[in-house]
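Where a number appears in this text, it was derived from the coordinates with a stated rule and is not lab data. Just so it is clear, the structure is predicted and the values come from calculations on it, not from any experiment. Note that each Cβ is placed from the backbone with ideal geometry, even for glycine, and that neighbours are counted across all protein chains shown.
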Amino acid sequence: MRSTAILAFFWISSLLCAQKNENQQYSLPIDIPIFLSGTFGELRSSNIHAGIDIKTQGREGFPIKAVLDGYLSRVKVSISGYGKAIYINHPDGKTSVYAHLKKFSAPIIHEVRKKQYDIQSYEVELFFEPTELPVSKYEIIGFSGNTGGSFGPHLHFELRETKTQKPINPLLAHYDIQDSVRPVIHSLIAYPISEDAIVNSEKKDLQIPFQKFNDSIYVAEPIEAIGKIGLGIGTYDRHDNTYNKNGVYSITAKLNGRQIKRLQFSKIRFSDSEFLNTLIDYPRYSRTKQRIHKLFRSPGNELEFFVHLEDGLIDVETGKDYAYQIKVSDANNNNRYLFVPIKGKEQKVAILNKKMPDGKEIEPNRDYLFIYDGAEVYIPKNAVYDRNRVVLGFDNNELKIKADHVALRKAFQIKVMAPDSLVGHYLGILFENGKTGFISKNIRDNHFVAKVKKTGIYTIAQDTIPPIIIPSQLYDQRWLSNFKTLRFTIDDRETGISSYKATIDGKWALFEYDPKKKEISFNFDDYFSFQGTKHTLKISVIDNVGNESNHELEFYRK
Ligand SMILES: [Zn+2]
């Protein structure tokens, strides 16, 4: 243990270097103390986070300000994803993005409303020329919210290179968020990779215990191994005065003083998310929801920011000792080290009679078509990252696609024969609680067709129940002159809502839709003009298989 510690200090002294290049010209997008609930490069369930999430004290409505002079280049309103989002292009070749907003500033609302009434849709996307809507630094462009795929009020803020639309890490050059807390390493896993590899007398992934040596250094129990092995860690970063577990900025690994792996979140590509499941130990994540960053390159990992030497593997030979050092850093250069001594040692492993796994072997480099009486499964090239077994079959009108803890890279195309007469029928996926989730009602040649990226049991189900439409209070036959908004709950428990439409006095009326609240709402504003005092409101809501509900009422307004 003592020799490891001395080595440790030797390694650190060669590592310290300043990485921050301050650039003070960018201002903050919001005027409240900055606490982050998400960092750049953080691994999420289906993507790598492209910006920072700024906490808004659990509330909505804080003014959002442009961080630099520029012009409004794009505005998008979507019921999912970024919700209401603003894009500003700046003269330095960068674009700032502000997402999940509650509403836009007046000049932007004006453009958005025109477009919404023009194409009769709440969801719109607008692009602007540099001269149309110039924006100055500190100008209020909107208000913080919780729209789109956001779970709780916050501001998602992003910086991109305008030309390539590649997101860059805002915390590196442009912002200095107070952070003096070192990243945490909570797990270390060793993986025997080659056929002959053994770790601590086992031929399987092993959790390796480690201990705190001092404030910044952990030391693992020595590993006895032989053959090619790889390591992985579970890690997160905390900032001052907040308990959110955020993503780290970089992970570096050295073997006997030589860097063999570096992973650094300074710039990513949106397409990188396709390889997210090769970066983590996916089977473990699938079983336990715990993310382990693998410090070696797995088959199918095409991540550019993942720099490896010799794929990050350690070729352990009998009688040799290895010093493996992991350094985890946040964007403020707070570091944590984990030292892993490895001893090359010949070992005997009890050979268990390995049970042959079930299913068809699927290779990434070719495509497959499986035809059954009443169903089909097409697996395209590169649908899996690595060779895997998938159990397939069609029985009792149930199409089974089973592959425990296997990450899918591309969707499988499936077909299931549809019944002769369709009454709210659809292709669904069976959940463990016996309920069915909606997948598709698209029909081609008497078959339901769908692209699916989830394994499970697919079957034909039926939904004949139309959606519900409930006014949030009594509007019918009332005077509503003092009302600012009209609100309705809309919901469909079986297959979900596919579309909604509202008219007032026969004219299309803009209702905003928030699926999280299951609510549509109309704002009395200047973009809809009322004639006379008596008005008829008609709302129609259609579910995913075409069941339609209608609600009609009359109100008075001066
Ligand atoms: Zn975010």
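A few points about this structure:
- Segment 468-556, relative contact order in percent, only Cα pairs under 8 angstrom and at least six apart counted: 37
- For the chain, the residue among Ser529, Gln325, His110 whose Cα projects farthest onto the positive side of the dipole built from Cβ charges is Gln325.
- Listed from fewest to most Cβ neighbours within 10 Å, the set Ile54, Ile109 follows the order Ile109, Ile54.
- Note on the chain: helix-only mean residue ellipticity at 222 nm, from DSSP H runs of 4+ residues weighted -39500 (n - 2.57) and normalised by residue number, equals -2000 deg cm²/dmol.
- Largest-first ellipsoid semi-axes for segment 36-173, taking √(5λ) over the Cα gyration tensor eigenvalues, angstrom: 22, 18, 14
- FRET efficiency for Lys501 and Glu195, using Cβ-Cβ distance with R0 set to 51 Å, rounded to 0.05: 0.25
- The modelled label-to-label distance for the pair Asp215/Thr536, using points 7 Å beyond Cα in the direction of Cβ, is 7.5 nm.
- Links that overshoot a 32 Å alpha carbon limit, given the list Lys94/Lys518; Lys115/Lys163; Lys400/Lys501; Lys294/Lys360; Lys441/Lys518; Lys55/Lys441: Lys94/Lys518; Lys400/Lys501; Lys55/Lys441
- Sorted by Cβ neighbour density within 10 Å, fewest at the top, the residues Trp479, Trp508: Trp479, Trp508
- Length-normalised contact order for the chain - Cα pairs under 8 Å, 6+ apart - percent: 11
- Across segment 524-531, coupling constants 3J(HN,Hα) worked out from phi with the 6.51/-1.76/1.60 Karplus curve, θ = phi - 60°, read 6, 9, 6, 8, 10, 9, 9, 10 Hz, and Gly and Pro carry x.
- The mean sequence distance of close C-alpha pairs (under 8 Å, at least 6 residues apart), as a share of the length of segment 360-462, puts its relative contact order at 26 percent.
- Each principal axis of the Cα cloud of segment 149-303 was taken in turn, and the coordinate range along them, longest first, works out to 50, 37, 34 Å.
- Kirkwood Rh, angstrom, segment 92-154 [1 / mean 1/r, Cα pairs]: 13.4
- Its residues counted as N, segment 468-556 yields a C-alpha radius of gyration over 2.2 N^0.38 Å of 1.07.
- Shown in residue order for segment 483-499 are the 3J(HN,Hα) couplings computed by the Karplus curve 6.51 cos²θ - 1.76 cosθ + 1.60 at θ = phi - 60°: 7, 9, 9, 10, 10, 9, 8, 10, 7, 9, 6, 7, 10, x, 8, 9, 7 Hz (x for Gly and Pro).
- Spin-label pair Glu129/Asp404, simplified geometry with 7 Å Cα→Cβ offset, distance in nm: 6.2
- Tyr556/Leu422 FRET efficiency (R0 35 Å; Cβ-Cβ; nearest 0.05): 0.25
- Cα-centre dipole for the chain with unit charges at Cβ (Lys and Arg positive, Asp and Glu negative), debye to 20: 700
- Net charge in the neighbourhood of Asp118 (other residues with Cβ under 14 Å of its Cβ; Lys, Arg +1, Asp, Glu -1) is +1.
- Taking the three principal axes of the alpha carbon atoms in the chain, the coordinate ranges are 93, 66, 37 Å, sorted in descending order.
- Neighbour-count order for His156, His174, fewest beta carbons within 10 angstrom listed first: His174, His156
- The tail of the calculated P(r) for segment 360-462, taken as Cα-Cα distances beyond 24 Å, holds 20 percent of the pairs.
- The stretch between Glu139 and Ile109, if pulled fully straight at 0.36 nm per residue, gains 9.3 nm over its current Cα-Cα span.
- Relative protection proxy for 244-253, 74-83, from highest mean packing down: 244-253, 74-83 (other beta-carbon atoms within 10 angstrom).
- Extension gain, Lys360 to Tyr122: 0.36 nm times the residue separation minus the Cα-Cα distance gives 81.1 nm.
- Peptide ranges 195-208, 89-102 listed from the most packed, as the mean C-beta count within 10 angstrom indicates: 89-102, 195-208
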